[in-house]
Amino acid sequence: MEDPCLNRTLLNPESKKCRSYLPVTPGQFSFLLGIVPVFAAWIYAEYLEYKKKNTLAKAHSDREEEGSSLPSPKARTSTSTFPIFRFFIMEEQFLIDNRLTLRAISEFGFFMAYFYICDRTDILGSSKKSYNRDLFLFLYFLLIIVSAVTSFTIHHDKSPFSGKPILYLNRHQTEEWKGWMQISALLGLHR
């Protein structure tokens, strides 16, 4: 008889459920190889920004006591022209300048890892969907009412061509409608 959990470990012999312990794939390895240095660089950039703000605040308070002005900021000098080299050598000014980009990449990597854990592992248990038509319709109509009320806010954006205010289908209104349509589409797909 063939093993029901070939390449996997049996969780519960009665339920015949298995947990997968497969080797790390090249995609997983390359993701970790890319995201770990970016995460470390982001943490280091946050530390550098914190240290920079503290030293500037201290220097500013010292200068106020002496009555003189702050020195001019240092000119940026780059030891390398390519940003990837500046990243690999962890150039402090480069990391401070790109701190928000490093943060965005780190957050994206965190979300991707979270999605992988939720979708491909047994760490978080699965649950059954429960559908209640009345609750869904109540929430959906409540969403429509809130979106209609907030869409009537008037924004006085000026047209780049005529200079007159655009009161109908301005940028704020279309962006808001796009968001509400995305929410309603997600609600419709997941019921």
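With a 1.4 Å probe and every protein chain left in place, tell me how much accessible area residue 122 has, in Å² to the nearest 10.
80
So for the pair residue 115, residue 44, with labels modelled 7 Å out along Cα→Cβ, what separation do we get in nm?
2.8
What length, rounded to one decimal in nm, is gained on full extension from residue 100 through to residue 150, with 0.36 nm per residue of separation minus their alpha-carbon distance?
Fully extending the segment from residue 100 to residue 150 adds 14.9 nm.
Got a sec? What order do 127, 106, 162 fall in by accessible area at 1.4 Å, biggest, i.e. largest, first?
The residues order as 127, 162, 106, largest area first.
The values are calculated or read from the model by the stated rules, or taken from the named source; none is laboratory data. Predicted, not measured: the structure shown is a model, and the values here were computed from it. Note that each Cβ is placed from the backbone with ideal geometry, even for glycine, and that neighbours are counted across all protein chains shown. For the accessible areas, the whole protein counts, side chains as well, though only heavy atoms, and no ligand, DNA or RNA atoms are used. Shrake-Rupley method; radii C 1.70, N 1.55, O 1.52, S 1.80 Å.
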